[in-house]
1. Suppose the filter is on the phi > 0 side of the Ramachandran plot and in contact with a helix residue (DSSP H, G or I) (Cβ under 8 Å, 6 or more places away or on another chain); does Gly118 pass it?
2. Report yes if Ala95 is over 11 Å from the mean Cα position of the chain (by Cα) and either of a type in the set (A, V, I, L, M) or within 20 Å of Asp69 (Cβ to Cβ) (or both), otherwise no.
3. Does segment 108-122 hold any residues that are farther than 20 Å from Pro177 by Cα and open to solvent by less than 30 Å² (accessible area, probe 1.4 Å), and which are they?
4. With the requirement that a residue be part of a helix (DSSP H, G or I) and open to solvent by less than 70 Å² (accessible area, probe 1.4 Å), what does segment 165-198 give you?
5. Can you tell me which residue is nearest to Asp57 (Cα to Cα) among those in segment 136-164 that are open to solvent by 20 Å² or more (accessible area, probe 1.4 Å) and among the hydroxyl-bearing types (Ser, Thr, Tyr)?
6. Out of Gly39, Gly56, Gly26, report the one residue that is in contact with a Lys or Arg (Cβ under 9 Å, 6 or more places away or on another chain), open to solvent by 30 Å² or more (accessible area, probe 1.4 Å) and modelled with pLDDT under 50.
7. Tell me whether segment 108-122 contains one or more residues that are at pLDDT 95 or above, over 13 Å from the mean Cα position of the chain (by Cα) and part of a helix (DSSP H, G or I).
8. Every residue in segment 123-135 that is open to solvent by 70 Å² or more (accessible area, probe 1.4 Å) and under 14 Å from the mean Cα position of the chain (by Cα), please.
Amino acid sequence: MQKTNSLLALRALLAATALYSINACGSDDPPSVSATVGGSGSGGAGEVAAGEVASGDIEIRAIDYAYLDVPDRIRAGTTLSLTNASKREAHELVAIKLPDGETRAAADLARLPPDELGALMAGVRTVVLAAPEQDGIPVVGDGSLTEPGRYFLACVIPTGADPDEYLEQAATSDGPPDVAGGPPHIAEGMFGEVTVVE
């Protein structure tokens, strides 16, 4: 089941990035970066002093179109949960472990063409999906990141997709949900990164 879910996440991400590439054709402008680090929240990064390493359960908040309360560094074994503060969009947290030696910034990774981004997809470790104004449910893994390294975080749900339709298809589809919508949320700036340390 875990392998099937990982393949579904990979297919969904590749389909969404292909859509982004088609829609962004001819534009050299990077997606806007609006991910915010810090803030306040139970167990969130707002309670971690600069330079410290977060651990335990970390609650990441999703808004249209950014992640809030993402710490810079967490301890191996830390669990990431997702709370969706949006009133209109479903959001997800896809955590991709990057290969050792990968030094490109998250903004650069977000602009990769589908084939290059697809090459990183073997690193998908967890996917947490959340309906509007709801807490997320892990659909790949359990939300914990156990391997030290750098992780790329992204949401690839199509912008403006009907949340009920998306969630219904995500629960029953053998591939990525085929729903109407615009470019994936990653193209709107919904991405980030976290480093896991021993």
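1. So Gly118 fails the test.
2. Here the answer is no, as Ala95 does not meet what is asked.
3. Residues satisfying the conditions are Leu109, Ala110, Leu112, Leu120.
4. Answer for segment 165-198, where residues must be part of a helix (DSSP H, G or I) and open to solvent by less than 70 Å² (accessible area, probe 1.4 Å): Tyr166, Leu167, Gln169, Ala170, His185, Ile186, Ala187, Glu188.
5. Once the filter is applied, the top-ranked residue is Ser144.
6. One residue alone meets the criteria, Gly39.
7. For segment 108-122, residues at pLDDT 95 or above, over 13 Å from the mean Cα position of the chain (by Cα) and part of a helix (DSSP H, G or I): present.
8. Matches in segment 123-135: Arg125 only.
The values are calculated or read from the model by the stated rules, or taken from the named source; none is laboratory data. Quick caveat: nothing in here was measured; it's all calculated off a predicted structure. Methodologically, a virtual Cβ is constructed for each residue, glycine included, from the backbone with ideal geometry; neighbour enumeration extends over all protein chains shown. These area figures cover heavy atoms from the full protein model, side chains too; ligands, DNA and RNA do not enter into them. Shrake-Rupley method; radii C 1.70, N 1.55, O 1.52, S 1.80 Å.
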